[in-house]
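Right, one structure below, let's go through it.
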Amino acid sequence: MTTPGRGGAAPAPAVLDLEDLGLDRGGHLLVERALAGLAPGERLAVSGRAPELAVHLRAWCRNQGHTLVDHPAPGSISGDEPGPPPAAAVTNGDRVEAWIVRGTAADDRWRGAQRTGAADPVRPGAVAETAASTWGVAARGALVEAGSPAFPFPLDHRSMVWTDDAPRYYRQAAAAQWDPATAVPWETPVDLPAEVEAAVIQVMTYLVENEQAALAVPARFLGRVHPHFREVVQVLAVQIADEARHVEVFTRRATLKGAELGRSSAGGQASLLTLLEEPDFALAHFLLSVLGEGTFLALLSFIERHAPDPVTAAVARLALADEARHVAFGMAHLGAVVTSDPGQRARLAAAIHRRHDALASTVGLNADVVDALVVLAAGSFTPRAVAEGFTRVQALEAEMADGRRRRLTRLGFSPGEAGALSALHTRNFM
Ligand SMILES: [Fe+2]
Ligand SMILES: [Fe+2]
């Protein structure tokens with residue numbers, strides 16, 4: 001396209017020769033590009049030889065809010081003055097020549113459109129306090145046309161979901177994905193005494209149900225977080241993938257020798273049900289990631305340390321690394337929640353009390369799991385070894401409680417509050 005010099009009362013039109021490119025084969029891109037440099041009311045002289053070009057130009061102009069007028073003198077598309085607009089573009093042999101007068105409809109269409117923050121979360125104002133339902137699934141930073149449909153994403157306030165650490169946690173999580181097929185030494189021979197193998201299977205059986213709950217909780221909220229808070233959605237998505245791998249590798253270790261799985265207790269499942277039933281995202285994230293997965297850090301570390309075979313040690317170690325990220329993200333999110341509104345601490349404490357009360361009539365912990373942990377920590381079946389195993393499991397429970405106290409203190413609870421709340425945590429650990 002060329003734009004002839006402008007001067008005098010009637011500027012010469014810009015010129016575009018489409019040659020044999022039709023509007024049905026992308027020609028509209030060149031027309032749009034040529035019109036973009038014009039103000040409403042200015043003309044573009046367009047010509048071309050594509051079949052049906054006149055018909056296509058007329059339909060396209062009508063759709064786009066431009067006006068198609070015929071060129072007054074076929075063969076002289078750089079002429080200065082438009083004549084009175086005839087009814088159709090002029091066909092000169094197989095060549096079409098016409099003027100397009102730029103309309104305002106294309107601008108009107110985007111009037112009222114809204115820029116939804118910025119893709120890059122570190123830019124000022126990138127993440128809004130409230131994400132409009134009509135931003136829907138549009139990319140953050142996109143220009144969203146007015147009249148876009150409203151999407152039901154109830155977690156649409158920054159204070160509900162956002163932490164500035166989310167992009168960093170997402171990058172870390174994406175980089176730390178491991179392949180269950182190759183990360184675990186499945187081919188290593190495992191030949192344990194039957195009671196020890198049974199203890200491993202019982203622990204794995206327990207881990208699988210806890211992993212299923214840890215998968216289901218973020219999955220419940222994933223589709224409810226407004227996509228404007230993209231990195232939070234991404235962290236949750238990867239967390240769910242992490243839990244899926246944990247379910248896989250714990251199941252695979254449990255079934256390594258072809259034996260049947262262990263027991264799932266009513267108390268354990270009742271505890272996990274209270275997690276799944278928590279309707280508030282912040283509270284569910286608190287109970288799951290700060291308290292439950294936080295407690296599991298000590299448990300998985302214990303299992304790795306006392307694993308009787310390399311496969312068991314590997315699956316515990318791999319899951320532990322993922323869980324450390326889940327806990328860190330939970331702490332970052334809940335830290336942001338209580339920083340923006342210190343009154344939220346009372347809600348967190350109330351959630352612990354509510355869950356404790358709901359589980360008051362249940363045992364809460366699968367006794368078979370504790371016994372299995374004692375067996376693993378004992379290493380043999382002498383009275384002295386079992387006593388040592390028992391002591392180690394007691395130390396594990398103390399370490400778990402200590403971890404909960406530390407995390408609660410970091411969220412701003414006093415040492416006294418943190419100790420009391422830690423003691424009310426479910427006996428199921430998760
Ligand atoms: Fe997990
Ligand atoms: Fe987890």
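Some observations on this one:
- Helices in the chain, meaning DSSP H runs of at least 4 residues, each add -39500 (n - 2.57). Divided by all residues, the mean residue ellipticity at 222 nm is -17000 deg cm²/dmol.
- Phi to ³J(HN,Hα) by Karplus 6.51 cos²θ - 1.76 cosθ + 1.60 over the range 259-269, Hz, x for Gly, Pro: 7, 6, 6, x, 9, 10, 8, 4, x, x, 5
- With 20 Å bins from 0: P(r) over the chain, alpha-carbon pairs, percent: 22, 35, 19, 17, 7, 0
- Our coupling estimate for the range 329-343, obtained by passing each phi through the Karplus curve with A = 6.51, B = -1.76, C = 1.60 and θ = phi - 60°, is 5, x, 5, 5, 5, 5, x, 5, 4, 6, 6, 6, 8, x, x Hz, Gly and Pro reported as x.
- From the alpha carbon centroid of the range 160-208 to that of the range 296-365 is 15 Å.
- Counting only alpha carbon atoms, the long axis of helix 383-410 and the longest principal axis of the chain meet at about 40°.
- In the chain, the longest principal axis of the Cα atoms and the axis of helix 53-64 are about 60 degrees apart.
- Across Ala360, Ala45, Ala418, mean-square fluctuation computed from a Gaussian network of the chain (C-alpha pairs under 10 Å connected) peaks at Ala45.
- Label zone of Ser340 (point 7 Å out along Cα→Cβ, amide N under 20 Å): in the range 289-317 this covers 289-290.
- Residues listed by number, the range 183-227, amide nitrogen under 20 Å from Ser133 label point at 7 Å toward C-beta: 221-227
- Computed magnitude of the charge dipole of the chain (debye, nearest 20; Cβ of K, R +1, Cβ of D, E -1): 900
- Distance between modelled label sites at Arg252 and Leu29, nm, 7 Å Cα→Cβ extension: 4.5
- Between Thr182 and Ala358, the simple label model (points 7 Å from Cα in the Cβ direction) yields a spacing of 4.2 nm.
- Selected from Leu373, Leu21, Leu207 as most flexible by GNM, with the chain as the system and alpha-carbon contacts under 10 Å: Leu21
- Intensity falloff of the range 253-410 expressed as log10 I(q)/I(0), Debye formula with alpha-carbon point scatterers, at q = 0.11, 0.17, 0.19, 0.21 Å⁻¹: -0.52, -1.14, -1.32, -1.47
- Cβ-derived FRET efficiency at R0 56 Å, Arg171 paired with Thr67, nearest 0.05: 0.65
- Springs join every pair of Cα atoms under 10 Å in this Gaussian network model of the chain, and among Ala266, Ala175, Ala113 the largest mean-square fluctuation is at Ala175.
- Fully extended contour minus Cα-Cα distance, from Phe151 to Ala387, at 0.36 nm per residue: 79.1 nm
All of the numbers you see were taken from the coordinates with simple rules; none came from a lab. Just so we're clear, the structure is a prediction, and the values are computed from it rather than from any experiment. With ideal geometry, Cβ positions are generated from the backbone for all residues, glycine too; neighbour counts draw on all protein chains shown.
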